[in-house]
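No lab work stands behind these numbers, since they all come straight from the coordinates. The shown structure was predicted, so the numbers you read here are calculated from the model rather than taken from an experiment. Cβ atoms come from the backbone with ideal geometry, glycine included; neighbour counts cover every protein chain shown.
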Amino acid sequence: MKTKVIKVNMLARVEGEGALLIKIRDNQLTDVKLKIYEPPRFFEAFLRGRDCREAPDLTARICGICPVAYQMSAVHAIEDALCVQVQGQLRSLRRLLYCGEWIESHVLHIAMLHAPDFLGYADALEMARDHPTLVQNALQLKKVGNEIVALLGGREIHPINVRVGGFYRVPVRQELAPLKERLKWARDTALELVRWTGTLSFPEFEQDYEFVALSHPDEYPFNEGRLVSNRGLDIAAKDYDSSFVEEHVAHSNALHSMLKPRGAYFVGPLARYNLNFTRLPALVQDAAKAAGLGPECRNAFQSIIVRSLETLYACEEALRIIEQYERPDQPAVEVQPRAGTGYACTEAPRGMLYHRYALDANGTITDAKIVPPTSQNQKTIENDLRELVPKIMDLPKEKLTWQCEQAIRNYDPCISCATHFLKVEVVRS
Amino acid sequence: MWIADLLRFADSQLLSALSLGQEGGQTVLTHGTRSLVLATLSFSFAACCGTKMIRRSARFLKALVATTLVWRMRFNPQSVLRNPQSNGLLIIGCGNPDRGDDAAGLLVVQRLRELGIEAQEHGGDALALIECWRGTQNVVLIDTVVTGSRSGKVMMWDAATHPLVGDSFCCSTHAFGVAGAVELARTLGWLPSHLRIYGIEGKRFAMGTQPSPAVLRGIQRTAQEIARIVAPRLLRLGCS
């Protein structure tokens with residue numbers, strides 16, 4: 001009996017702290033565990049008792065990479081509870097803010113975390129010696145995203161200008177104007193990035209995933225839409241809890257999310273792309289075609305191309321919004337506290353992010369639920385490894401480990417986001 | 001009015017001297033540089049008062065500049081010495097305030113601010129660090145390190161001339177830490193020409209804890225050392 005154990009005690013090039021354990025016995029894969037041991041953070045618990053208007057700033061602290069996503073899901077869910085709708089230029093500014101975050105987050109992952117896998121480098125530092133232009137362009141591109149977030153959010157990380165009903169302050173047209181030239185450069189650079197990712201080599205790894213993402217009739221989704229899948233799911237955010245369930249597994253401090261009754265599903269850029277390809281502008285669709293991607297992509301390793309396409313889209317969309325921008329009369333819609341429950345899903349860079357808040361008549365949060373994308377993808381990541389490992393089992397251990405880590409990085413997991421909650425039961429006797 | 005102009009000139013000369021003093025790894029403002037600055041100022045002043053008053057004017061000017069700097073330090077938020085970055089000197093403290101000894105860099109920043117010296121807090125993310133110092137030629141950076149030395153020990157690296165040992169700066173929760181930022185910037189040609197890094201040895205990084213007493217002493221020593229470099233004149237005048 002021959003046993004092989006692949007153990008990565010600390011996953012590299014992912015956000016947060018996690019590990020991987022794979023056991024192979026007599027050439028049979030016996031165990032796969034994506035272990036998330038980052039301590040739980042209890043955000044949902046300490047949101048209880050806080051004023052609902054504090055939620056955007058509190059939840060932004062869940063993640064330093066995607067704070068805008070947490071703010072957006074929070075404000076939409078609370079506005080849903082308060083029966084408020086934000087439209088017009090305020091809605092557009094929210095999309096613009098999201099564009100900034102997608103650019104920042106996607107470029108970080110494409111160039112600094114994922115690209116070294118494809119080019120055979122241990123990390124971005126090693127890669128930068130041979131590909132300095134790629135890294136320099138990526139850093140400049142990321143900076144454009146930072147500038148958008150800083151302008152609309154007040155600062156680059158954990159923005160402070162988002163509020164329930166809109167913003168504390170909205171920019172005048174002239175403030176956005178300097179971003180136009182920067183975004184035109186960013187759009188061209190993103191296009192180059194798409195072309196470059198299209199030249200990479202990808203393993204054959206087409207899987208029969210159930211993709212889940214928001215879908216909106218008129219636009220590629222950021223803030224709004226129905227929750228749809230390629231297997232017939234079509235629900236509003238308020239029906240999330242009746243269609244999805246979370247379970248605690250012993251090896252992870254992040255709850256595993258599943259679709260009732262089908263189990264694992266896939267959220268993120270690949271899901272958005274497959275379910276919303278027709279909403280992408282011609283420029284992005286053409287770039288996808290030139291990079292060798294059709295309207296459907298089922299190979300998670302190709303998510304690096306899709307991320308670069310979404311970066312291109314975010315640049316294009318940001319330019320469109322800035323060109324059509326007129327400063328609204330009021331920076332926010334007035335909101336009045338009332339009792340109710342609100343639900344929202346928005347599209348974080350890593351995938352759909354669900355928030356639910358119950359409020360009392362004073363607007364105090366009595367209950368909160370947050371389901372981040374990495375939590376939702378955990379089962380699918382483990383399933384990918386179960387499919388991948390038997391195909392590459394004969395590789396030397398080092399190479400096998402490398403490919404398994406790369407398969408995890410296909411999802412750009414944000415472990416810090418995922419470990420916000422753990423059910424703790426105290427038994428006293 | 002001409003006094004105000006002269007004082008502005010004095011400020012700029014002194015601050016230029018701070019940079020000049022860092023050439024060749026000599027961070028402390030040298031005695032020679034000080035004399036050069038004062039001589040320049042004295043001659044400028046003498047040009048207004050007449051050549052016979054050179055000695056007297058030099059003494060007067062020295063006292064005047066010192067008094068003005070102290071006054072600006074205390075009352076004027078736009079003081080150039082409160083904002084070393086205006087002279088191309090940037091002080092950055094990295095760390096996590098909620099993880100014990102990892103807060104050291106941030107606490108040095110806090111101490112420097114109490115001394116009237118502007119400095120920036122930073123989470124330690126490499127890419128943001130590179131953006132933070134791009135375009136600045138003189139950078140002082142403070143972070144917690146793990147080298148196996150005794151807790152609270154203060155170390156200093158001249159990162160512009162020597163590569164950093166990556167494992168020492170292992171406290172970042174991000175994909176790259178300070179060492180990654182320095183080496184990536186070096187590879188890309190984006191490293192400041194003067195980059196002095198202070199590392200304070202840490203041992204305890206539990207969530208929600210305070211730095212150990214030894215690290216707190218290291219924080220105090222580091223802040224005093226940086227203050228001595230940035231504003232030696234003010235320390236000598238008892239502003240600390």
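Quick look at the numbers
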item	result
Choice from A:K379, A:K35, A:K260 with maximal GNM fluctuation in chain A (Cα, 10 Å cutoff)	A:K260
Centroid-to-centroid separation of region A:20-59 and region A:333-410 [C-alpha atoms, Å]	9
Span-rule helices in chain A, defined as complete DSSP H runs reaching 24 Å or more along the axis (Cα) with Kyte mean at least -1.0	A:88-107, A:132-153, A:173-198, A:303-323
Spin-label pair A:D208/A:T278, simplified geometry with 7 Å Cα→Cβ offset, distance in nm	2.5
Hits among aspartates and glutamates - C-alpha to C-alpha of A:K4 under 15 Å, sequence gap 8 or more where chains match	A:D26, A:D31, A:D394, A:E398
Taking B:C132, B:C94, A:C404 and counting other C-beta atoms within 10 Å, the order from fewest to most	B:C132, A:C404, B:C94
Net charge of neighbours whose Cβ lies under 12 Å from the Cβ of A:R25, counting Lys and Arg as +1 and Asp and Glu as -1	+1
Descending semi-axes in whole angstrom, ellipsoid equivalent of region A:23-95, from the Cα gyration tensor	38, 17, 11
Ranked list, fewest to most other Cβ atoms within 10 Å of each Cβ, for A:I235, A:I148, A:I321	A:I235, A:I321, A:I148
Sequence of A:D412, B:D125, A:D241, A:D57 once ranked by neighbouring C-beta atoms within 10 Å, starting from the fewest	A:D241, A:D57, B:D125, A:D412
Coarse-grained scattering of region A:3-428 at q = 0.11 Å⁻¹, given as base-10 log I(q)/I(0) from a Debye sum over alpha-carbon atoms	-0.80
Calculated on alpha-carbon atoms, Rg and Dmax of region A:268-386 in Å	18.9, 55
Distance between region A:128-143 and region B:119-157 - C-alpha centres, whole angstrom	22
Calculated [θ] (222 nm, deg cm²/dmol) that DSSP helices of n ≥ 4 give over chain A, each run adding -39,500 (n - 2.57)	-13500 deg cm²/dmol
Order by protection proxy (mean Cβ within 10 Å, highest first), peptides A:170-178, A:92-100	A:92-100, A:170-178
For region A:150-259, size of Cβ-based charge dipole, Lys and Arg +1, Asp and Glu -1, in debye	840
Among beta bridges that DSSP assigns inside region A:3-428, antiparallel share in %, nearest 5	95
Listed residues A:V333, A:V249, A:V194, most fluctuating in chain A (Gaussian network, C-alpha, under 10 Å)	A:V249
Size of electric dipole in region A:203-277: Cβ of Lys, Arg +1 and of Asp, Glu -1, about Cα centre, debye, nearest 20	140
Relative contact order %, region B:85-148, counting alpha carbon pairs below 8 Å whose residues are six or more apart	46
Reach of A:K369 by Cα under 22 Å, taken over lysines that are not fewer than 8 positions away in the same chain	A:K238, A:K260, A:K379, A:K423
Reachable lysines from B:K203, criterion Cα separation under 28 angstrom, eight or more residues apart if same chain	A:K7, A:K35, B:K153
Rg ratio (alpha-carbon, reference 2.2 N^0.38 Å) - region A:186-296	1.25
